[in-house]
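Have a look at the structure below, then the notes.
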Amino acid sequence: MSAAATNAPRIKRFKRQAHENRVGYLFVTPYLIGFLVFQGIPFLLAFIFGFMNVRYPNRIGEATFVGFDQFVRFFNDKLSLEALGRTGIYTLIYVPLIMVVGFILAAAINQKIYCRNVVRTMLFMPYVSNMMAIAMVFIVMLGPTGPIGSALGVPLLFDTATALPAVTVIGVWKGLGLNMVTYLGALQNVPRDLLEAADIDGAGRWKKIVHVTIPMVSPTTFFLLISSIITSLQNYTTIQTLTQGGPGRSTTVMSIQIVRTAFTSYQTSYASAMAIIMFAIVMIFTAIQWRGQKTWVNY
Amino acid sequence: MSIAAKKKIGIIILTVVLIIVGIAFIYPFLFMLSSSFKPSVEVTRPPFSLIPETFTFDNYVNLGKVQYFGTWYLNTIVMCILTLVLKTFITTLTAFAFAKINFKGRDAIFLVLMSALMIPADIMLIPRYFVFSAIGILDTMFSIVLPYGFDIYFVFLLRQNFVTIPDAIVEAAEIDGCSYFKIYYSIVVPLAKPAIVTMLLFTFVWAWNDYMSAYIFISSDARQMISVGLERLSLGMVTDNGLNMAGATVTVLPIIVVFLFSQKYFIEGITTSGVKG
């Protein structure tokens, strides 16, 4: 009698746990299956393919393991190394530009200006718009007979010397809204009393920005810096829609080179090896971000 | 002049400068819209006035006659609806389970999902082509819908949101005899509406604007999406700039309209939860 009484709550708890398990698995199973098929398995395959010589889906049975051959090939392939170099140039232009302009615009909007929401909306619009539609507009505007192209005298997107910087600047124009709004959120969280204290100490506008605002938003700066670097590596849509990697090979960056290698010349494994190299680069920056969140941010 | 007046003039100057910058920023949209109402020859003829000399609807009429254009547009709408329905259901249900049901192994599974959060989607492009080919969804809109539907990022964001809903509410409902499913759809989902709306908006923008998946996974003309359709349009035999600009306008318009009416959710989504492109 007394033993049954003390066991009752335990049995009840046990039954309850069994019920929670059942319902829990029921709820997450559809997602986990989808996750496995669309994220998990593709991710594993990406690595397996990189060490094989796969070409076509219907002839995957003929593929064999070739070790590091595809990676060795990459480092001996002049065209691919050039593409990697162009990705580097794209990143080196994209990141400083989007960081600095994003901060300046956010800081300006954060002053008590009129029509703040209108300005913010205008600057954010490119971010939500369709890249292919935008590309068609830029191709006409920057073309030799377009309003900007004819004014400059140089068709920026169609000249091998200017095409890469031009697509980069258009990429910045498109992505800037996100950085700006993120900065704006951070700026609005800078404690007012800190700025007022600086006022009392006689600090001017610039001194306040350099000594109070910039240190206070450093966590955001750090987050945006890393995520902008990663975004700059994923530039396929921007470039493919604007120039398809041309003229010549002047805008053929890694993302374009990978898709072309995989889906035009059907060298699936070679393209996978290149994708793994890009993945490794992204992972390095992600790792820096995880470490840096704790140590690099100072105020 | 007083300091206050000086300050006010400074703000006015700054406002004017920013509005000029803003107009320069949206100039491509203005150019697109005005060109879509011009005859093609006028699009690339000085003085490039934003107000058409000859106002015409011909480009839009011609657009309707372009083979497949209506199909591409409709395909994109259907694809977006399917994506939104699937994603809303799957991600909220999953996030609810991870936040409010204490099943065995929950935290371990969640940790695995979190580590997958860091993986950029680009690396999965090539293997996905093989997986889609194996399960027979290549050249169908499901090759776009399903990967968007089983997204990791919003499971994570929604779970973080659901966790903030007090357990006491959930427990009270349990004592009243509510099933977990009822707690999910009648308590947790309504409370998390803003977060869910944010997810829907971002997903709509990404799905509507998607170019890469459609370009790689869809090959039939009749099954294509609008982004790649636009490209086919612009690569036609004859470059018809007026027609192209009309095509670009009808593609950009739905997103811009949705954005203008729901900005608050976009901006808050970015500043409070750190949604990233």
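A short reminder: the numbers here are calculations on the coordinates, not readings from a lab. Model, not experiment: these values are computed from the prediction. Every residue, glycine among them, receives a Cβ derived from its backbone with ideal geometry; neighbour counts consider all protein chains shown.
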When region A:88-122 is checked residue by residue, the ones that are closer than 14 Å to A:Leu225 by Cβ and either at the interface with another protein chain (Cβ under 7 Å from one of its Cβ atoms) or hydroxyl-bearing (Ser, Thr, Tyr) (or both) are A:Thr91, A:Tyr94
Is there a residue being more than 11 Å from chain A (Cβ to nearest Cβ), surrounded by fewer than 22 Cβ atoms within 10 Å (Cβ to Cβ), small (Gly, Ala, Ser) and in contact (Cβ under 8 Å) with a residue 40 or more places away in the chain anywhere in region B:226-240? no
Here are some residues: B:Ser213, B:Ser234. Which one is hydroxyl-bearing (Ser, Thr, Tyr) and in contact with a Gly (Cβ under 9 Å, 6 or more places away or on another chain)? B:Ser234
State yes or no: is B:Leu117 buried (at least 19 other Cβ atoms within 10 Å of the Cβ) and within 20 Å of the chain's Cα centre (by Cα)? no
Within region A:123-145, residues being within 7 Å of chain B (Cβ to nearest Cβ), among the aliphatic types (A, V, I, L, M) and over 22 Å from the mean Cα position of the chain (by Cα) number 4
Report, by residue number, each residue of region B:212-223 that is more than 23 Å from A:Gln234 (Cβ to Cβ) and either without any contact (Cβ under 8 Å) to a residue 60 or more places away in the chain or under 22 Å from the mean Cα position of the chain (by Cα) (or both). B:Arg223
Please verify whether A:Ser269 is more than 8 Å from every other protein chain (Cβ to nearest Cβ) and farther than 22 Å from A:Tyr90 by Cα, treating the condition exactly as stated. yes
What number of residues within region B:244-261 satisfy the criterion of being touching a residue at least 24 places away in the same chain (Cβ under 8 Å) and surrounded by fewer than 24 Cβ atoms within 10 Å (Cβ to Cβ)? 7
So in region A:210-233, with the set limited to residues that are more than 21 Å from A:Arg291 (Cα to Cα) and surrounded by fewer than 17 Cβ atoms within 10 Å (Cβ to Cβ), which one is nearest to the chain's Cα centre (by Cα)? A:Val210
Starting from region A:149-163, take each residue that is among the aromatic types (Phe, Trp, Tyr) and list its partners that are outside any helix (DSSP H, G or I), counting only C-beta distances under 9 angstrom and pairs at least six apart or across chains. A:Phe158/A:Gly143; A:Phe158/A:Pro144; A:Phe158/A:Thr243; A:Phe158/A:Gly246; A:Phe158/A:Pro247
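Could you tell me which of the residues B:Ser262, B:Ser186 is more than 25 Å from the chain's Cα centre (by Cα) and more than 30 Å from A:Pro57 (Cβ to Cβ)?
Result: B:Ser186 is the single residue among B:Ser262, B:Ser186 that is more than 25 Å from the chain's Cα centre (by Cα) and more than 30 Å from A:Pro57 (Cβ to Cβ).
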If you scan region B:70-105, which residues turn out to be without any contact (Cβ under 8 Å) to a residue 40 or more places away in the chain, over 17 Å from A:Ile33 (Cβ atoms) and either buried (at least 23 other Cβ atoms within 10 Å of the Cβ) or within 8 Å of chain A (Cβ to nearest Cβ) (or both)? B:Asn102, B:Lys104
